Amino acid sequence: MLFNKATLFSLCASIASAKKIFIDNDGLTALQVLFPLAAGHEIVGISGSFGSVSLVDAVGQGYDVLENYNLSSCIPHYAGAAFPLIRTADTFYIWEQLYGELVWQGGWDPQYEDSYTWANFTYNDTTSGAVALINAVRENKDTDPVYIYAAGMMTTVAQAISIYPNLTQEAAGLYIMGGMIDFNYAQATTDKSINVDIQTDINLIQDPEAAQIVLAADWKESIVGGNVTNYVLPSQDLYDEIIERAGSYETIENTDYLSPVLSLISTGNFTENNEQETLPFWDEVVSAYMSYPEILEQSFDAACAVDTSFNSPYYGNLRLFNKKINVPKSGYKSGNCTLASVVDQEKFFDLLVDILFKDWRGYCETGAATTLVL
Ligand SMILES: *[C@@H]1O[C@H](CO)[C@@H](O)[C@H](O)[C@H]1NC(C)=O
Ligand SMILES: *[C@@H]1O[C@H](CO)[C@@H](O)[C@H](O)[C@H]1NC(C)=O
Ligand SMILES: *[C@@H]1O[C@H](CO)[C@@H](O)[C@H](O)[C@H]1NC(C)=O
Ligand SMILES: *[C@@H]1O[C@H](CO)[C@@H](O)[C@H](O)[C@H]1NC(C)=O
Ligand SMILES: *[C@@H]1O[C@H](CO)[C@@H](O)[C@H](O)[C@H]1NC(C)=O
Ligand SMILES: *[C@@H]1O[C@H](CO)[C@@H](O)[C@H](O)[C@H]1NC(C)=O
Ligand SMILES: *[C@@H]1O[C@H](CO)[C@@H](O)[C@H](O)[C@H]1NC(C)=O
């Protein structure tokens, strides 16, 4: 095992609650990495996978985060799944014709163009994301089991389960972003397509079969993000607080290190920013309560499954069962899950601002962030 100073520091700092975490995502942002590090956890690997963006863009975005914060030397980075298990772009479009168009088509949007080429960046190309995940789980299973955060589609984790079924018992648990419930009414009664998009469970819909493999598995713990993350939104107040911390908007604009902060606040004027610049903090909220469990104020237990009937308007949607009453005994497999239902937004935003205004560039060497000098 590679035992760097960062590992040693995290272990010493918080032995009782430190987690080891592997993250798979289809578009990593800085906060998803920084929340765990700030809480003293260790990120044992990251993989980028197809989903809301193409594979090359997913890995490229992950690379940019690691480069910006100088984290490449202590966080291994891999490429995960290039496409879903069964779904193809064609069956995706056919389903849309049958059951209604999705506002967001991600990497399958006919207008989609790659932003990166493989020549733009480096990553560890000797091992696939699924195998790297298995190795990370196996290496730590007896000492400090790994938590898996599937923040995009579930394909890479499903591949890993299929290669190595013991994964679900040897990992400490699973966190996912996705698994919305009761959003049909909200979709039907809005006059804005962006609200329909926000109420659509795209991470599950783009690869329903993978999502079902993952959510119906026998994890020790499985925490489903659900629609609670939809309510955690940026605002002018947040922008103002960030600008105040920086001293001025120009400081953010002119400081390379703060480029992730600039993409977060964009023009700095909430009403001028477009819909894509003012989306909810989906993946970040899950990352925050995975890192700081006290942020998750309410949750409930159920049995989780995903609709895998192609000929269904609910193909790729979460289905919940009451564990005491109506879990199917055979046939349709379900897994135990905990649904997040209330998060402490104030704590989330306080941490967010603090974490972005720390200097993480020495982390791999010292295991900690320092005060950011602007
Ligand atoms: C990738 O590299 C090309 C050629 O150097 C450059 O034009 C492009 O902007 C780069 N893309 C990204 C996202 O960095
Ligand atoms: C790439 O990953 C493999 C497997 O995890 C590891 O053995 C190898 O040392 C890594 N390569 C680099 C350059 O870090
Ligand atoms: C999987 O787990 C079972 C039960 O703990 C164990 O007997 C078996 O050896 C494990 N398989 C592998 C490949 O580690
Ligand atoms: C999920 O979101 C919908 C739409 O906003 C809402 O009506 C519903 O109550 C939410 N369900 C839970 C459990 O939060
Ligand atoms: C779910 O939990 C019950 C006990 O509450 C257990 O009997 C069952 O095996 C678990 N299901 C899975 C898929 O782990
Ligand atoms: C934001 O933009 C709107 C519309 O352009 C403008 O009316 C408002 O004054 C701006 N607010 C700030 C804080 O700059
Ligand atoms: C970046 O990380 C490397 C490897 O840990 C370290 O040697 C270097 O000092 C770091 N750079 C900065 C600016 O902290």
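Among the candidates Gly152, Gly173, Gly179, single out the residue that is surrounded by fewer than 23 Cβ atoms within 10 Å (Cβ to Cβ) and touching a residue at least 40 places away in the same chain (Cβ under 8 Å). So the residue among Gly152, Gly173, Gly179 that is surrounded by fewer than 23 Cβ atoms within 10 Å (Cβ to Cβ) and touching a residue at least 40 places away in the same chain (Cβ under 8 Å) is Gly173. Screening segment 78-95 for residues that are touching a helix residue (DSSP H, G or I) at 6+ places or on another chain (Cβ under 6 Å) and either small (Gly, Ala, Ser) or assigned to a helix (DSSP H, G or I) (or both) and picking the one that is farthest from Val59 (Cα to Cα) gives Phe92. Of all residue pairs spaced 6 or more apart or on separate chains, those with beta-carbon atoms under 9 Å, a first member in segment 224-241 that is without any contact (Cβ under 8 Å) to a residue 24 or more places away in the chain and a second member that is assigned to a helix (DSSP H, G or I) are Asp237/Phe349. Condition first: within 15 Å of the chain's Cα centre (by Cα), in a loop (DSSP other than H, G, I, E, B) and either closer than 22 Å to Thr338 by Cβ or within 16 Å of ligand 2 (Cβ to nearest atom) (or both). Can you find one or more residues in segment 188-206 that meet it? Yes. The residues of segment 96-118 that are more than 23 Å from Thr156 (Cα to Cα) and assigned to a helix (DSSP H, G or I), listed by number, are Glu96, Gln97, Leu98, Tyr99.
Listed here are the residues, each with its yes/no results for (1) touching a Ser or Thr at 6+ places or on another chain (Cβ under 9 Å); (2) on the phi < 0 side of the Ramachandran plot; (3) of a type in the set (Gly, Ala, Ser).
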| position | (1), (2), (3) |
| --- | --- |
| Thr88 | no, yes, no |
| Ile94 | no, yes, no |
| Val103 | yes, yes, no |
| Phe121 | no, yes, no |
| Ala136 | no, yes, yes |
| Lys141 | no, yes, no |
| Pro145 | no, yes, no |
| Ala160 | no, yes, yes |
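Could you list, in sequence order, all residues of segment 308-326 that are out of contact with any helix residue (DSSP H, G or I) (no Cβ under 7 Å at 6 or more places or on another chain) and buried (at least 17 other Cβ atoms within 10 Å of the Cβ)? Arg319, Leu320, listed by residue number.
Number of residues in segment 113-149 that are exposed (fewer than 14 other Cβ atoms within 10 Å of the Cβ) and not β-branched (Val, Ile, Thr): the value is 5.
Among the residues of segment 46-88, those identified as over 16 Å from the mean Cα position of the chain (by Cα) and farther than 25 Å from Asp256 by Cα are Ala82, Phe83, Pro84, Leu85, Ile86, Arg87, Thr88.
Sub-6 Å Cβ pairs linking a first residue in segment 109-130 that is among the charged types (D, E, K, R) to a second residue that is surrounded by 14 or more Cβ atoms within 10 Å (Cβ to Cβ), at least 6 apart or interchain, are Asp114/Ser54; Asp114/Val56; Asp114/Asp57, ordered by first then second residue. Contact annotation: residue pairs with Cβ atoms under 8 Å, 6 or more positions apart or on different chains, pairing a residue in segment 328-344 that is among the basic types (Lys, Arg) with a partner that is modelled with pLDDT of 95 or more, are Lys333/Gln212; Lys333/Ala216; Lys333/Ala305.
Test Glu284 against the criterion of being of a type outside the set (Val, Ile, Thr), part of a helix (DSSP H, G or I), within 15 Å of ligand 6 (Cβ to nearest atom) and closer than 30 Å to Phe83 by Cα, and give yes or no.
When the stated conditions are applied, Glu284 does not pass them.
Looking across segment 135-158 at every residue that is assigned to a helix (DSSP H, G or I) and under 19 Å from Ala216 (Cβ atoms), the one that is farthest from the chain's Cα centre (by Cα) is identified as Val137.
Of the residues Thr338, Thr271, Thr267, the single one that is part of a loop (DSSP other than H, G, I, E, B), among the β-branched types (Val, Ile, Thr) and either closer than 24 Å to Thr200 by Cα or under 19 Å from the mean Cα position of the chain (by Cα) (or both) is Thr271. Checked against (1) in a loop (DSSP other than H, G, I, E, B); (2) under 25 Å from Ser128 (Cβ atoms); (3) touching a residue at least 40 places away in the same chain (Cβ under 8 Å), Pro165 passes all but condition (3). Of all the listed residues (Val196, Val137, Val224), the sole one being farther than 27 Å from Glu294 by Cα and of a type in the set (Val, Ile, Thr) is Val196.
The values are calculated or read from the model by the stated rules, or taken from the named source; none is laboratory data. This is a predicted model, so every value here is computed, not measured. Virtual Cβ from ideal backbone geometry, glycine too; neighbours counted across all protein chains shown.
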